[in-house]
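Report on one structure; see the data block that follows.
The values are calculated or read from the model by the stated rules, or taken from the named source; none is laboratory data. For clarity, every value in this text was computed on a predicted model and none was experimentally measured. Note: ideal-geometry Cβ built from the backbone for every residue, glycine included; neighbour counts use all protein chains shown. Protein only, heavy atoms only, side chains kept; ligands, DNA and RNA dropped before computing areas. Shrake-Rupley method; radii C 1.70, N 1.55, O 1.52, S 1.80 Å.
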Amino acid sequence: MKMLNISPSQQQQIRSAKPLLWLNPEYQNPAAAPDKPDTAEIYDAEARLLRFAPLLQQLFPELEASDGIIESPLLQADQLHQAISPFGVRTLIKADHTLPVAGSIKARGGIHEVLCFAEQLALEHDLIKDTNDDYRKLLFPDAKFLFNQYEIAVGSTGNLGLSIGIIGAALGFKATVHMSVDAKEWKKERLRKRGVQVVEHKADYGAAVAAGRAQADANPKSYFVDDENSPRLFMGYAVAALRLKRQLEEQNIPVDADHPLFVYLPAGVGGAPGGITFGLKALFGPHVHCFFAEPVQAPCMLLGMAGPAGSEPVDVYDFDLTINTEADGLAVGQASQWVCDAIRDELSGVYTCEDDTLYQHLLRLKQLEGLETEPSATIGCSGPSMLTSHEAQVWLNRHMSEKSLATSTHLVWTTGGSFVPESEYRTFLLKATEKFGSKIS
Ligand SMILES: *Cc1c(COP(=O)(O)O)cnc(C)c1O
């Protein structure tokens with residue numbers, strides 16, 4: 001096996017599917033990340049989303065109030081803070097589980113990538129003169145006619161498929177979603193209702209992506225959204241950092257040496273949390289600490305980040321793990337090498353959690369903050385408690401003063417859930433209540 005920057009005892013813990021915190025030895029070592037993307041691309045992505053905002057506002061009535069911007073609220077979670085955080089002055093929730101249009105964090109990257117392709121086609125075929133033109137022209141029949149000759153395809157555990165399928169079909173593209181075996185039935189159903197072709201695979205996420213990629217390669221009019229390898233997705237996700245910065249300012253929450261910000265991000269293949277980390281580090285530098293969170297059965301980003309730059313990430317099967325987890329959005333066996341290489345010196349660490357813990361958080365989010373999330377989306381709630389080990393304390397002391405830690409802000413990024421059907425959410429909640437308490441009927 002490849003050299004991994006993981007101690008033998010932690011490797012043993014990973015193998016036996018025990019929760020752990022891994023601190024990134026390459027943090028703040030630029031030599032470990034020779035090929036970083038350009039931060040200017042974050043601003044390009046934001047500008048593109050602004051150009052499309054009037055069009056999105058017409059396509060999706062739920063974007064009326066936000067003038068076509070797909071954004072989620074930043075919530076102060078005081079009750080949750082008491083329950084989960086031994087540190088700092090506040091816990092915030094970045095509520096991407098309510099992101100309009102797609103119901104998950106995938107609305108950011110997924111929609112951005114489809115808009116990149118649509119814009120490129122529209123410019124090539126003179127449907128718009130230039131990037132200052134009125135993009136609502138792309139709702140006219142000649143644009144629909146053009147887009148309908150092209151297919152947009154994607155492989156997904158569910159949420160990326162929802163995001164790509166919804167925007168693809170709305171613009172008039174033929175949309176095909178290759179779903180892995182763990183994708184939920186209701187997600188497939190929702191897509192079929194919108195005229196999206198759903199291809200069901202009996203294998204895992206990586207295999208669904210590979211099948212989708214192969215089919216799309218065979219069709220010159222097919223555009224494949226490659227979750228394992230996509231700067232366009234990544235930069236769409238990174239825009240969240242610009243938006244978060246504005247929200248923090250609006251709420252008068254400082255981020256600086258005296259007020260560090262800790263951000264806990266659920267990670268699958270790495271694109272969404274990686275893009276956000278890239279954006280946040282560009283804006284806040286050493287004052288933000290990003291941690292990824294993964295299920296014990298699918299720590300693919302941990303293994304990817306612990307490998308050397310420019311090498312294919314080790315997959316979780318090499319550690320005798322199964323990727324069986326109820327956190328379907330995080331059930332990924334191998335990380336994106338591209339993402340690992342982009343953030344190798346930026347990520348502070350990765351921790352893992354058991355599925356039961358996710359249910360405990362699901363119940364907390366409901367009882368304490370009135371929020372309904374899917375199990376995948378709750379894993380950030382373990383962040384603060386994962387930083388209480390002796391090793392973590394040593395690390396914290398190295399990066400900030402006692403006083404700064406005491407005035408730190410902790411942000412839990414909730415990534416999906418508002419589209420989960422009521423009956424399905426009831427089932428999650430019932431399971432959580434049976435295990436962890438009965439305050440909720
Ligand atoms: C996809 C997803 C993530 C993680 O995003 P990746 O780009 O796969 O790392 C987190 N939470 C939910 C709910 C998701 O659907």
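Distant-in-sequence amide contacts of residue 289, defined by a placed amide H-H separation under 5 Å and a gap of 5 or more residues or a different chain, comprise 261, 262, 263. Subtracting the Cα-Cα distance of residue 246 and residue 219 from their residue separation scaled by 0.36 nm leaves 5.5 nm. Our coupling estimate for the range 27-32, obtained by passing each phi through the Karplus curve with A = 6.51, B = -1.76, C = 1.60 and θ = phi - 60°, is 4, 6, 10, x, 4, 7 Hz, Gly and Pro reported as x.
Remark: the chain projects, on average over all directions, an area of 20.1 nm² (convex hull of Cα atoms). Rounded to the nearest 20 debye, the dipole size of the chain about its Cα centre is 620 debye, using +1 on the Cβ of Lys and Arg and -1 on the Cβ of Asp and Glu.
Under the membrane-span-like helix rule (DSSP H runs whose alpha carbons stretch at least 24 Å along the helix axis, mean Kyte-Doolittle hydropathy -1.0 or higher), the chain yields 40-59, 106-124, 231-250.
Probe radius 1.4 Å, ligands and nucleic acids ignored: give me the carbon and sulfur share of the accessible area of the chain as a rounded percent. Solvent-exposed carbon and sulfur of the chain make up 50 percent of the total.
Based on protein heavy atoms only, the chain ends up with 38 Å² per residue of surface accessible to a 1.4 Å probe. Residues whose amide H comes within less than 5 Å of that of residue 198, counting only those at least five positions distant or on another chain, are 177 (H built at 1.01 Å from N in the peptide plane). Cross-link candidates for residue 144: which lysines have Cα within less than 29 Å, leaving aside residues fewer than 8 places away along the same chain? Of all the lysines, those that pass the test against residue 144 - Cα under 29 Å, at least 8 places apart if same chain - are 106, 129, 174, 187, 188, 193, 221. Our note on the geometry: Cα centres of the range 43-122 and the range 153-205, 20 Å apart. For residue 90, the residues 5 or more places off, or on other chains, whose built amide H falls under 5 Å of its own are 410.
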